[in-house]
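The values are calculated or read from the model by the stated rules, or taken from the named source; none is laboratory data. These numbers were taken from a predicted model, which means no experiment stands behind them. Neighbour counts are summed over all protein chains in view; Cβ atoms, including those assigned to glycine, are modelled from backbone coordinates with ideal geometry.
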Amino acid sequence: MKKRKNIITVAIDSPAAAGAGTQARYIAKHYNLLYLDTGKIYRLIGKLRIKYFEKFSYKFIKKKIDKININILDDSALLSNDIAISASIVAKDNKIRKIVKNFQYKCAYNPPKRFSGSVLDGRDITSVIMKDAMFKFYITANIKIRAKRRFLEFKKLKKKITYNEVLKSLKNRDYLDKSRKYSPLKKTKDSILINTSKLSKKACFMKIKSIIDKKLI
Ligand code: C5P
């Protein structure tokens, strides 16, 4: 695969609702990077699994993913809890992970020329997809704080779900993502740990920015 030279590459892994997406968006905006939320790809496949249960096969998924573009992923329907759970189920399958690898590599290492680089977040970005990224972060937060944040997001979207259901679902997804055989979520040794539990979004970004700027300058 073609790799663009001299680009800024940022890899982020995190459990669900730890604030990685928010930080990735800040990073992308500040450093003019392409942002790919890789969870959205698994969510899209999770949605296909629910919608086309009968037709759901590797061939079917490959056909859809070959036509994928980043704008398709900007779909608020992908944010539901049912789709998140379905995403965690399809993400266990290594054949499915292989199908989506190329698209992620392309975004990571060959972003469009108008961008100065890329930032990807997910579960296996620091460990598999962007092993040699210039910057690697593991973003996490206390489970109850994550559940509260996700619950408030769902409330804003007028989704009917209780705090306890969100907490249970996050615990279940953490378990599935950390214990699976292929590409489990883990903090790699070379990733910098950022705990967002007690930090505001802005404070957290300032911390990340100071780490990036130190190396860039
Ligand atoms: O980040 P998000 O909650 O949208 O991800 C949905 C699910 O997709 C995760 O729970 C995980 O199972 C899967 N995922 C993954 N690898 C990634 C990104 C997401 O397995 N790089």
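Miscellaneous remarks
- Tally, over segment 16-36, of residues that are within 8 Å of the ligand (Cβ to nearest atom) and crowded, with 20+ Cβ neighbours inside 10 Å: 3
- Condition met for K159 (among the basic types (K, R), surrounded by fewer than 16 Cβ atoms within 10 Å (Cβ to Cβ), farther than 15 Å from T22 by Cα and modelled with pLDDT under 95): yes
- Among the conditions (1) within 10 Å of the ligand (Cβ to nearest atom); (2) free of Cβ contacts under 8 Å to residues at least 40 places away in the same chain; (3) aromatic (F, W, Y), the only one that F56 does not satisfy is (1).
- For segment 169-217, residues that are among the hydroxyl-bearing types (S, T, Y), touching a residue at least 40 places away in the same chain (Cβ under 8 Å) and closer than 17 Å to R150 by Cβ total 3.
- Of the set (1) over 18 Å from A17 (Cα atoms); (2) more than 12 Å from the ligand (Cβ to nearest atom), all apply to N142 but (1).
- From the options V128, V90, residue that is modelled with pLDDT of 95 or more and in contact with a Phe, Trp or Tyr (Cβ under 8 Å, 6 or more places away or on another chain): V90
- Against the numbered list (1) surrounded by 13 or more Cβ atoms within 10 Å (Cβ to Cβ); (2) at pLDDT below 95; (3) farther than 29 Å from D82 by Cα, I217 comes up short only at (1).
- Qualifying residue in segment 131-146 (condition: of a type in the set (V, I, T), surrounded by fewer than 22 Cβ atoms within 10 Å (Cβ to Cβ) and not in a helix (DSSP H, G or I)): yes
- Odd one out for K202, checked against (1) under 20 Å from T9 (Cα atoms); (2) loosely packed, with under 14 Cβ neighbours inside 10 Å; (3) more than 19 Å from the chain's Cα centre (by Cα); (4) not small (G, A, S): (1)
- Matching option when the condition is closer than 20 Å to I129 by Cβ and either in a loop (DSSP other than H, G, I, E, B) or of a type outside the set (D, E) (or both), among I50, I83, I45: I45
- Given (1) surrounded by 13 or more Cβ atoms within 10 Å (Cβ to Cβ); (2) closer than 18 Å to R97 by Cα, number of the condition K63 does not satisfy: (1)
- Candidate set: segment 155-185, residues that are part of a loop (DSSP other than H, G, I, E, B) and basic (K, R); chosen: the one nearest to the ligand (Cβ to nearest atom): R180
- Contact map, segment 79-95: residues that are on the phi < 0 side of the Ramachandran plot paired with residues that are more than 8 Å from the ligand (Cβ to nearest atom) and part of a helix (DSSP H, G or I), Cβ distance under 6 Å, separation 6+ or inter-chain. Pairs shown: N81/S169; I83/K47; S86/R49; S86/I50; V90/I45; V90/R49; V90/I96; K95/Y58.
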